[in-house]
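The block underneath contains the structure these notes are about, expressed in structure tokens.
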Amino acid sequence: MAPFLTRRNQFQWVALLAVVVVLPTVSLLWFMSRVVANERLVARQKLAALYQDKLVETAAKVQATLSNRIATVARAGVSSNSYALFRQLVLSGGFEGLLIWNSSGSGVYPDSASAMSIPIAPDSALEEAWQLEFARQRYDAAAQVYDELASSPDLHTSVAAILGRSRCLSKLGRVDDAVQCCQRAAFGLADEPQDPALRLAIANARLMLLSLLNQTRPGAMKESLFQRTTQAIEESLYSPRENQPRFSSHENLFIARKLLEVLDATPGTASQARTAQLRKLAAAEGLSIAVAGISRQLNNQFDRFFPLELDQQRYYALRHQAPTVVLLLLVSSNGLASSLEAYRDAFNGQDVVCQVTDASGHLVLGPAEAEGEPIAAAALPGSFPGWEVKLSLAAGDVFEQAARRQIAVYVWTGVLVILLILVAAGVATQAVGRQIRLNRMKNDFIATVSHELKTPLASMRILVDTLLEGHVRDEAQARQYLLLTAKENERLSRMIESFLTFSRMERNKNAFTLARTSPAAIARDAAESVKTKYAARDCELTIEAAENLPDLSADHDAIVTVLVNLLDNACKYSAEDRRIKLEVAAEPGFIRFAVSDKGIGLARRHLRKIFESFYQVDNSLARRAEGCGLGLSIVKFIVHAHKGTIKVESRLGQGSTFTVRLPAARPGAD
Ligand code: ADP
């Protein structure tokens, strides 16, 4: 029988499903995803516009703050002491370096004048002392000569001699005496001298006093002297006082660094805030001196930050025209970030991350990495040419994530809908298929039945007509016709019986009555049933039944029908060799019936199909043999109803063996 759904049919169904279900669903999903994407775009644009306005507002604020700061600097003007401005800028103006030019364009700060070498009048006595101290290392003698010179009317010589003596005493291990002596040079003069060289010599003496003090034993005296000395040095550095003579930048920086070294080596001796201030000022001065060295190469634009690469560190410089001077304000990348704090403040606590980059893309403010596309971007105000501020959403692109989630929900819903429809379609197809198969089977059944019944009916009619019309030679012929009629009649009955069994079976109404029965008896009854048929067809049946076979729990007549059908077939499909064997044996838990013939056999491809209803192998013998293709399907049905199995082994032209295994009755059961 042709299967209800052929391969081509199946393909057509799939194509139909694709067109009717999958295509519209996919189109709908695509449309939904577009809608979600558009929604996301609109929301994003709205937010971007909001942030854009805020960026513009903040840019104005940043510029105003900066201009204010610069204006304050400009107002402060430049006194004769440039440290006044320097201090203000570095300590409270947020800058980290400063260069000043006067109106005629010459550099005012940092100044390069130096009094590092103390001018000392050629003095044979001092020379002699140096000889003794450095060349001959006779510290005692040198100390004596220095002592004599200490009272020289020339202050330079006097200070140098005191320092020399102090040095020698220290080298002789007389540190306390050295301290005593050094104090005279450090604090011996009533006023701060105007002479820069002398001031430098005194600063030098004070530094030396600090290092000598570090070698002495601790004590209150030492403490107070230490304090006094550091304070005196500090006051002479970066002094904002108008008329106080000051050191040149290099000297100042040198002394500041030395003092910082001493303070770092003796922590807790000076106030931390003051040390931090000093450190800041020294760093700024160092930077200013370094930039002064390259200031000629710097561009001339005013009030605009430009980058400076110094010792592999990035700084920014801004040139400003104050009323009487030109200033170059320096600030590091980090320092500048504080000028841009307004951006951080504006967007702090909001779900955005703010990044500021300079004209070369260098990050000045904000995290190095920001997730997702920036939501808004703007240029910084005029003082930051080419700079850009970007805002990105802190938790990545939330719109994108929300949209993706939404689309995923739609897609899964779509997939689920398609799956449900496919499952429903599958179930419906099966149900419809079953119905169609059933109808087709009924039709086939009716067609087959009518066709099969026609042949014996037609033969009987001819025979009866012949008899009725008296076309018979004698009594013997009449009897022969009657015998033939009886035979056809019998065949007809058998067929009808077969059809009825099948029909009952199909309706599943064949209720079997199970009872204890002996396999040998079944085999005997089956043999008895086919006896006449076998005799008529010259078939020879051998029964090999084992002794003491266990009983079966089965419908005796049904199993006899099984064997009769198999024996019938064996004889029907035998050619020359018509010996047929029925074997009955016990297997653990089973009884095995095997019917073997040496007949026409079956090709491999038919082995499975012969158990289907109405299936008949299309060969000449099979066609000649009476049957309607129901025998084996009845056998299979009965065997399966008894929870047994049936199997066939066959070779074309060599015969077949049909083996039926039925479960043996449990001992003691009925
Ligand atoms: P039928 O009434 O045609 O015999 P069956 O269902 O009993 O119907 O058998 C189905 C087909 O199986 C037969 O048409 C025949 O071709 C094949 N067949 C059954 N038994 C044998 C056998 N012992 N040897 C060869 N072919 C067989």
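Read-outs: derived from the displayed coordinates by stated rules, not from any lab. Everything numeric here is computed off the predicted structure, so don't read it as measured data. Cβ sites come from the backbone with ideal geometry, for glycine too, and all protein chains shown count toward neighbours.
Values as computed for the structure displayed
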read-out: Point-to-point label distance, LYS171-ALA377, nm (Cα→Cβ direction, 7 Å offset); value: 6.8 nm
read-out: Förster-model FRET efficiency, 22 Å R0, ARG604 and ASP444, C-beta, rounded to 0.05; value: 0.30
read-out: Cβ-isolated cysteines (cut-off 4.7 Å), the chain; value: CYS168, CYS181, CYS182, CYS354, CYS628
read-out: Gap separating the Cα centres of the range 224-278 and the range 60-74, nearest whole Å; value: 31 Å
read-out: Expected 222 nm ellipticity per residue - DSSP helices of 4 or more, -39500 (n - 2.57), all of the chain, to 500; value: -19000 deg cm²/dmol
read-out: Rg/Rg_globular for the chain, with Rg_globular taken as 2.2 N^0.38 Å and Rg from C-alpha atoms; value: 2.31
read-out: Set of aspartates and glutamates near LYS598 by C-alpha distance (under 17 Å), chain-local residues within fewer than 8 positions excluded; value: ASP538, GLU540, GLU544, ASP568, GLU576, ASP577, GLU583, GLU649
read-out: Shape category assigned to the range 287-350 from the gyration tensor of Cα positions, a/c cut at 1.5; value: oblate
read-out: Ranked packing of 320-329, 260-269, most packed first, by mean Cβ within 10 Å; value: 320-329, 260-269
read-out: Computed E for GLU544/VAL22 - FRET, C-beta separation, R0 51 angstrom, nearest 0.05; value: 0.25
read-out: Peptide ranges 475-488, 649-662 listed from the most packed, as the mean C-beta count within 10 angstrom indicates; value: 649-662, 475-488
read-out: Contour minus Cα-Cα distance for GLN430 and GLN477 (0.36 nm per residue); value: 11.1 nm
read-out: Length gained when the stretch THR216-LEU422 is fully extended (0.36 nm per residue, less Cα-Cα span); value: 64.4 nm
read-out: Cβ-derived FRET efficiency at R0 41 Å, ALA585 paired with LEU484, nearest 0.05; value: 0.50
read-out: Extension gain (nm, one decimal) between ASN102 and THR65, 0.36 nm per residue minus Cα-Cα; value: 10.7 nm
read-out: Label-point separation, ALA408 to ALA141 (7 Å along Cα→Cβ), nm; value: 9.4 nm
read-out: Packing rank of 426-432, 66-72, where each peptide gets the mean count of other beta carbons within 10 Å, highest leading; value: 66-72, 426-432
read-out: Straight-distance crosslink candidates among lysines, where the alpha carbon sits under 25 Å from LYS487 and sequence neighbours closer than 8 are dropped; value: LYS454, LYS531, LYS533, LYS572
read-out: Kyte-Doolittle mean at least 0.0, axial Cα span of 18 Å or more - DSSP H helices of the chain; value: 23-76, 155-171, 196-213, 249-265, 272-294, 398-468, 556-572
